[in-house]
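**Student:** Starting off with a structure, shown below.
The values are calculated or read from the model by the stated rules, or taken from the named source; none is laboratory data. Keep in mind that what you see is a predicted model, and the values were worked out from it rather than measured. With ideal geometry, Cβ positions are generated from the backbone for all residues, glycine too; neighbour counts draw on all protein chains shown. Keep in mind that these areas ignore ligands, DNA and RNA; they rest on the heavy atoms of the full protein, side chains included. Shrake-Rupley method; radii C 1.70, N 1.55, O 1.52, S 1.80 Å.
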Amino acid sequence: MSFTGRAVATVAVLGAIAAGQTGAGTGRAEHALAVRGADGWVTWWRRDLAPIHWGDEAPLAERVPWQSGKGGLEWGEIQLRGANEAWRTRVVVVRLDPRRVDLSLVTAFTRNESWSVTEADSGAVLALDAGQFRRSLPWGWVVSEGRELLAPEYAPLAGAVIVDSSGRVRVAEPNSVALERERGIAREAFQSYPMLLLDGEIPEPLRAGGQGIDLEHRDARLALGTLQDGRVIVALTRFDALGESLGRMPFGLTSPEMAAVMGALGCRQALLLDGGISGQLAVRDSDGSMRTWSGTRRVPLGLTARPTRAR
């Protein structure tokens, strides 16, 4: 999106807030998230009472109106109310079983090209951008079809998504990435940052400032996590105040708020992917149509899922 386009949309958002349409001006809303349901808005998270550890409770997963997609996928959308530009945020959630789909990377960067989810082929039931990006290259470790394309990089809270030869999906913690590389069992892998959940716990740098993560910055978010039973959750946020056409605006949640979303969806491990204008997602619905939430920027690395072949 151009600077002018963002400026116009920002003015519209600020105007709505100033007109009192958001309800975000109170102290409570300033540090809280509410979810919309048939019973109205229900506050489910407050920063001053935020849990350090997420257990078996999954208050948001229970609120998602799950729909069936191809390949055994389930998907749905929920509306959140937060502060400032997050006063209306839609969260698109996908839940998948790795035993029913094969996940593979789209390595456009190896051809000096870029990619978007709109280019996913007819066999794909899920597509999203993968990892974090540095100019035209992915940041950190990339393994595709068992072959290492980029070596790992090391940074606090930089984890990795790993698909092994059995199709199992894991989110590896930062201190285990080197060991995972040595084991050599990754069929597909990519790095990203920061970790949002470590065995259900919010990492300390996401709870206290001054440790390398901007806890106040708001943006569109994309994250991937795993449940206790091995299923995978993908969640994409969209700006939801001015219609679908402006949904890709890079407005939304903070990193701690996104960690709370993933915890409340039941994840034990979770990793933030490149959001902002790169964040994009596509899901194949039960009728075969592709439901797409596009980004503004094409990306060098994508992740797709197809119905499982015999292993």
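**Student:** Once the piece of chain linking residue 164 and residue 204 is laid out straight, how much longer is it, given 0.36 nm per residue of separation minus the C-alpha distance between them?
**Tutor:** 11.5 nm
**Student:** Going by Cα centres, region 204-265 and region 283-311 are how many Å apart?
**Tutor:** With region 204-265 and region 283-311 each reduced to a Cα centre, they are spaced 20 Å.
**Student:** Could you state the angle between the C-alpha long axis of helix 3-18 and the longest principal axis of the C-alpha atoms of the chain, as a value from 0 to 90 degrees rounded to the nearest 10?
**Tutor:** 40 degrees
**Student:** Could you work out the relative contact order of the chain? I mean the mean sequence separation of Cα pairs under 8 Å and 6+ apart, divided by the number of residues, in percent.
**Tutor:** Relative CO of the chain lands at 25 percent.
**Student:** Also, I was wondering about something else. Tell me the net charge near residue 294. Cut-off is 12 Å between Cβ atoms, residue 294 excluded, with +1 for each Lys or Arg and -1 for each Asp or Glu. Before the final figure, lay out the partial values.
**Tutor:** Numbers: positive: 238, 248, 291, 297, 298; negative: 119, 129, 244.
Net charge in that neighbourhood comes out at +2.
**Student:** I want to check the label-to-label distance for residue 41 and residue 112. Put each point 7 Å from Cα in the C-beta direction and report it in nm to one decimal.
**Tutor:** 5.2 nm
**Student:** Taking amide H atoms as placed 1.01 Å from N in the peptide plane, list the residues 5 or more away in sequence, or in a different chain, whose amide H sits under 5 Å from that of residue 273.
**Tutor:** 222, 223, 224
**Student:** Highest GNM mean-square fluctuation, the chain, Cα pairs closer than 10 Å: which of 211, 79, 280?
**Tutor:** In the Gaussian network model the winner is 211.
**Student:** Have a look at 179, 150, 222 and tell me which one the Gaussian network model of the chain (Cα, springs below 10 Å) gives the largest fluctuation.
**Tutor:** 179
**Student:** Still on this structure, I have one more. How much of the accessible area of the chain, in percent, comes from carbon and sulfur atoms when a 1.4 Å probe is used?
**Tutor:** Percent of accessible area from carbon and sulfur atoms in the chain: 48.
**Student:** Turning to a different aspect of this structure: Let me check against my output: what whole-number percent is the relative contact order of region 140-255, with C-alpha pairs under 8 Å and at least 6 apart?
**Tutor:** 21 percent
**Student:** Quick one: accessible area per residue over the chain, 1.4 Å probe, rounded to a whole number of Å²?
**Tutor:** Value for the chain: 43 Å² per residue.
**Student:** Next question. Kindly express, to the nearest 10 degrees and within the range 0 to 90, the angle between helix 255-264's C-alpha long axis and the longest C-alpha principal axis of the chain.
**Tutor:** Helix 255-264 sits at roughly 80 degrees to that axis.
**Student:** With r as the distance between the Cβ atoms of residue 308 and residue 148 and R0 = 25 Å, compute the FRET efficiency 1/(1 + (r/R0)^6) and round to 0.05.
**Tutor:** Efficiency, rounded to the nearest 0.05: 0.55.
**Student:** While we're looking at this one, here's another question. Can you give the FRET efficiency for residue 49 and residue 228, using 1/(1 + (r/R0)^6), R0 = 25 Å, r = Cβ-Cβ distance, to the nearest 0.05?
**Tutor:** In this case the efficiency is close to 0.55.
**Student:** Comparing 225, 209, 263, which has the greatest mean-square fluctuation in the GNM of the chain with Cα pairs linked when under 10 Å apart?
**Tutor:** 209
**Student:** Hey, another quick one. Of the listed values (i) 36, 23, 17; (ii) 29, 21, 20; (iii) 30, 29, 16, grab the one calculated as semi-axes √(5λ) of the Cα gyration tensor in Å from the structure here.
**Tutor:** Matching the structure shown: (ii).
**Student:** So, one more: Extending each Cα 7 Å along its Cβ direction at residue 294 and residue 31, get the distance between those two points in nm, one decimal.
**Tutor:** Placing both labels 7 Å along Cα→Cβ, they lie 4.1 nm apart.
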